[in-house]
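*Asks:* Structure below; questions to follow.
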Amino acid sequence: MNTSVVLVPGAPALVPELSGTAAADSTREVAEVVRVLRRAVGDATAVRVVGADSGGRSLGDVRSTLDRWGADVPVGRPCAPPAPHEAVPDPALIAWWLLDRADIDLPRAFIGVTGPSLTPPPVGADDLVVVVADGPASLTPRAPVPEDPRGIDLDSRLARWIRDHGELPDPGEGVAAEIGWWSRPAWRVLADLLGGRVPRGSLSWAPFGVGYHVGWWS
């Protein structure tokens, strides 16, 4: 399979129009995400975005906005049919925003994953696969979930796993919910997609007490 796989964070806080001056904490990292996407796209003919969605929703190539979070920022290819923001899962909106910044004008589709299912998403040999997933949201006192040493430990182990691969660190569904590791299903699918591949590069940071990670496998 020639598919490139890129892991990106799915945080609205990365968008300047949504977080204001706080977005400056991730300016360099967002620029690196964009650079990775541009390099990874290669000769791909389509983009398949995978992300956690409690409803397991999937959708095709649409355009929408970030109105859900209070900013009228358009996302998606201008030629795509419009969709109301409430019909587009959060990971798809952020992935669309990042793909727009990378000037990747390829047909897009979103595949929502949920629960314990590890059914491989339908991807083609010429697809760029973008997995949207965050680490635990319990890394510092300013995090969305109270600071938790289990979350801190898991986020460190996830960063090492991206670099070294091996078996995905997974504390289970119950602990994941307690430490704010809400994108666990997407991480599990990512591990299944990689099949032991070595990353071309990786990056991790946590400006708001949430683990953000980037990886590229080709």
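The values are calculated or read from the model by the stated rules, or taken from the named source; none is laboratory data. Please read these numbers as outputs of a predicted model, since none were measured by experiment. So basically every Cβ, Gly included, is an ideal-geometry build from the backbone, and we count neighbours across all protein chains shown.
*Asks:* Taking the conditions exactly as written (surrounded by 22 or more Cβ atoms within 10 Å (Cβ to Cβ), in contact with a Gly (Cβ under 8 Å, 6 or more places away or on another chain) and not charged (D, E, K, R)), does residue 144 satisfy them or not?
*Replies:* The answer is no for residue 144.
*Asks:* Continuing with this model, one more query. Among the residues of the range 76-104, which ones are loosely packed, with under 14 Cβ neighbours inside 10 Å and touching a Lys or Arg at 6+ places or on another chain (Cβ under 6 Å)? Walk me through how you get there before you give the answer.
*Replies:* Applying the first criterion (loosely packed, with under 14 Cβ neighbours inside 10 Å) to the range 76-104 yields 78-79, 81-82, 84, 86-87, 103.
Within the range 76-104, 82 is the sole residue that qualifies.
*Asks:* Out of everything in the range 110-152 that is at pLDDT below 90 and not small (Gly, Ala, Ser), what residue ends up being farthest from residue 189 (Cα to Cα)?
*Replies:* Filtering the range 110-152 for residues that are at pLDDT below 90 and not small (Gly, Ala, Ser), the one farthest from residue 189 (Cα to Cα) comes out as 142.
*Asks:* Would you confirm whether or not the range 99-122 contains a residue that is closer than 30 Å to residue 65 by Cβ, in contact with a helix residue (DSSP H, G or I) (Cβ under 7 Å, 6 or more places away or on another chain) and part of a helix (DSSP H, G or I)?
*Replies:* yes
*Asks:* Could you check the range 72-98 and list, in sequence order, the residues that are of a type outside the set (Gly, Ala, Ser) and part of a loop (DSSP other than H, G, I, E, B)? If you could, list the steps in order and put the result at the bottom.
*Replies:* Within the range 72-98, the first condition is being of a type outside the set (Gly, Ala, Ser), and the residues that meet it are 72-75, 77-79, 81-82, 84-86, 88-91, 93-94, 96-98.
Selection gives 72, 73, 77, 78, 79, 81, 84, 88, 89.
*Asks:* Across the range 60-71, what is the total count of residues that are at pLDDT below 95 and either assigned to a loop (DSSP other than H, G, I, E, B) or in contact with a strand residue (DSSP E or B) (Cβ under 9 Å, 6 or more places away or on another chain) (or both)?
*Replies:* The qualifying residues number 2.
*Asks:* For the subset of the range 22-66 comprising residues that are farther than 21 Å from residue 213 by Cα and exposed (fewer than 14 other Cβ atoms within 10 Å of the Cβ), which member is nearest to the chain's Cα centre (by Cα)?
*Replies:* 54
*Asks:* Checking the structure you have, find out if any residue of the range 149-159 is out of contact with any Pro (no Cβ under 9 Å at 6 or more places or on another chain) and in a loop (DSSP other than H, G, I, E, B).
*Replies:* no
*Asks:* Please tell me if residue 166 is touching a Gly at 6+ places or on another chain (Cβ under 7 Å) and in a loop (DSSP other than H, G, I, E, B).
*Replies:* no
*Asks:* Quick one: in the range 128-148, of everything that is in a loop (DSSP other than H, G, I, E, B) and β-branched (Val, Ile, Thr), which residue is nearest to residue 36 (Cα to Cα)?
*Replies:* Filtering first and then ranking leaves 140.
*Asks:* Is it the case that residue 54 is touching a residue at least 12 places away in the same chain (Cβ under 8 Å), farther than 24 Å from residue 120 by Cα and either polar (S, T, N, Q) or not in a helix (DSSP H, G or I) (or both)?
*Replies:* Considered against the rule, which asks whether it is touching a residue at least 12 places away in the same chain (Cβ under 8 Å), farther than 24 Å from residue 120 by Cα and either polar (S, T, N, Q) or not in a helix (DSSP H, G or I) (or both), residue 54 comes out as no.
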